Amino acid sequence: MTGSRRSRRVGAIVRWPVGVGLVAWRYLWRTTVMHRSEEDGDASDLPEPLPPEACDDRVQHLEDGHGDLLHRTYSVRIAGGRHGPDELLALLARDPNVWSPSGMAVFRRTKGSHGAMTVGDEFLIRLPGPWDGPVRVVGSDPRHFRLATLHGHLEAGQIEFRTEEVGEDVRFVIESWARPGDRLSHLLYDQLLVAKEVQLVMWTHVCLRAAKLSGGRPCGGLTVRTRRLRTPAHTDAATRPAGTGSEKSPEQV
């Protein structure tokens, strides 16, 4: 990524309609079956607290968001792949731009070494519209890495990418816990439903891309599960540093 912040933003805005259009076209014409459900959530849908060593006043916690908490899981079972769960996760962690749809999201590393997802690494994700997507790696092991949003992201919360062993197959899972980061993204998510559907297109694309990178094929289709927790009373901010509390509570948004 080169050029000024302004030129990169203009470039992203110019590319976005084409990129989203291409990804959406593939989504519409995909032959993989999708099993999709949405239901009310409960306290079990809250994420585990963020580790203290990964938190500072730049983290955008769930309580900093607006509206309902969406707990979403996207998964695909991969059969016949060349890579086991550890190997596949290592491939995905090496370079996010290999599996991210470039027309919708471009990862730019701003902290940490290339080639892995290490706790404390940071990325600025170039997104369409008025937002960028700064994130920090807050968890990592051979079968998962987890990102937390930083201030300025269109969402407030966490997202995890993981692999699981299922018999001779591998399951790839994306699991997110998030609320819209500001009132505009709240409108796009919960009122117009635009951002929510764009997100669906993006993460189902990543699931199919993971299957392709593994050298295998989707088995049993894609599963997308959404659980909605209205105005959560508790958040992921149990480890928020002292003196950095939000000025609003979930009940005030």
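Within segment 99-125, the set of residues being open to solvent by less than 60 Å² (accessible area, probe 1.4 Å) and not in a strand (DSSP E or B) comprises TRP99, SER100, PRO101, GLY103, MET104, ALA105, GLY112, GLY115, ALA116, MET117, GLY120, ASP121.
Tell me whether segment 235-249 contains one or more residues that are open to solvent by less than 30 Å² (accessible area, probe 1.4 Å), modelled with pLDDT of 85 or more and in contact with a strand residue (DSSP E or B) (Cβ under 8 Å, 6 or more places away or on another chain). There is no residue in segment 235-249 that is open to solvent by less than 30 Å² (accessible area, probe 1.4 Å), modelled with pLDDT of 85 or more and in contact with a strand residue (DSSP E or B) (Cβ under 8 Å, 6 or more places away or on another chain). Candidates in segment 117-165 are the residues that are aromatic (Phe, Trp, Tyr) and free of Cβ contacts under 8 Å to residues at least 60 places away in the same chain; of these, the one that is nearest to PRO96 (Cα to Cα) is PHE123. With respect to (1) open to solvent by less than 60 Å² (accessible area, probe 1.4 Å); (2) over 16 Å from PHE145 (Cα atoms); (3) out of contact with any Cys (no Cβ under 6 Å at 6 or more places or on another chain); (4) not in a loop (DSSP other than H, G, I, E, B), the lone exception for LEU89 is condition (2). Exactly one residue out of THR223, THR149 is among the hydroxyl-bearing types (Ser, Thr, Tyr), at pLDDT 95 or above, over 22 Å from THR118 (Cα atoms) and touching a strand residue (DSSP E or B) at 6+ places or on another chain (Cβ under 6 Å), and it is THR223.
The values are calculated or read from the model by the stated rules, or taken from the named source; none is laboratory data. In this text the structure is predicted, and so the values were computed from the model without any measurement. Cβ: placed from backbone, ideal geometry, glycine included. Neighbour counts: every protein chain shown. Side chains are part of the model used for accessible areas, which takes the heavy atoms of the whole protein and leaves out ligands, DNA and RNA. Shrake-Rupley method; radii C 1.70, N 1.55, O 1.52, S 1.80 Å.
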